[in-house]
Amino acid sequence: MFRSSSSGTLLQSRRSVIAGAVGAGAVAIIALALYLPLVGFLGGATASTVGIVPFPALSVLAVTVVGAVVIAGLLALAITRRRAPAAWTLAVIGVLVALAVTAFPLVAVVLGSAQRVGEIGPVVAILWDQVSGIF
């Protein structure tokens, strides 16, 4: 058994600490390689289309903050477990939450764009009526 109380927490098992570290590494890779480029791309698409493609910044921010808190909690629980299978389960759940947080901006933009298409139809019809009335 590996025990340490240097930071105020009692680390129960070396395997649990390894599970938490692997989970934290996987979450960091997901954040740096998937989440940040995706949010940057979607933000750029919104800026370049002058708002035609909506980007729900507040909801993305809220999901990101709540997801980060949940992930941190799961990884903290993982390193303090006595049994390694429980630690690995918590670490895997943390990685799955990170993937869900990464997918949320894309889903939100797709749903917002689908709603926007429904709003554009009547505007195009009105413009067509006005243009056809001129000719």
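Numbers at a glance
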{"read-out": "Label-point separation, F41 to T89 (7 Å along Cα→Cβ), nm", "value": "3.5"}
{"read-out": "Rg to Rh, two decimals, where the stretch 58-109 supplies the alpha carbon set and Rh follows Kirkwood", "value": "1.09"}
{"read-out": "Accessible-area value, F41, 1.4 Å probe, nucleic acids and ligands omitted, Å²", "value": "140"}
{"read-out": "In nm, spacing of pseudo-spin labels at L127 and I52 (7 Å Cα→C-beta vector)", "value": "0.8"}
{"read-out": "Accessible area in square angstrom per residue, the chain, 1.4 angstrom probe", "value": "63"}
{"read-out": "Length-normalised contact order for the chain - Cα pairs under 8 Å, 6+ apart - percent", "value": "33"}
{"read-out": "Given charges at beta-carbon only (K, R positive; D, E negative), |dipole| of the chain in Debye", "value": "1060"}
{"read-out": "For the stretch 32-74: rounded, prolate or oblate by the Cα gyration tensor [a/c cutoff 1.5]", "value": "oblate"}
{"read-out": "³J(HN,Hα) computed for each position of the stretch 32-43 - Karplus, 6.51 cos²θ - 1.76 cosθ + 1.60, integer Hz, glycine/proline x", "value": "7, 9, 10, 5, 4, x, 5, 5, x, 5, 5, x"}
{"read-out": "Apportionment of accessible area to carbon and sulfur, the chain, percent (1.4 Å)", "value": "76"}
{"read-out": "Cleavage-rule hits, trypsin sites (Lys or Arg not before Pro), the stretch 52-126, DSSP coil, Cβ neighbours within 10 Å at most 16", "value": "R82, R83"}
{"read-out": "Entry for log10 I(q)/I(0) by the Debye sum over Cα atoms at q = 0.12, 0.14, 0.15 Å⁻¹ (calculated from the structure that is shown) out of (1) -0.44, -0.58, -0.65; (2) -0.61, -0.73, -0.78; (3) -0.46, -0.63, -0.73", "value": "(2)"}
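The values are calculated or read from the model by the stated rules, or taken from the named source; none is laboratory data. Since we're looking at a predicted model, the values are computed, not measured. In this analysis, Cβ positions are derived from the backbone assuming ideal geometry, glycine residues included, and neighbour counts consider all displayed protein chains. Quick note on the areas: whole protein, heavy atoms, side chains included, nothing else; ligands and nucleic acids left out. Shrake-Rupley method; radii C 1.70, N 1.55, O 1.52, S 1.80 Å.
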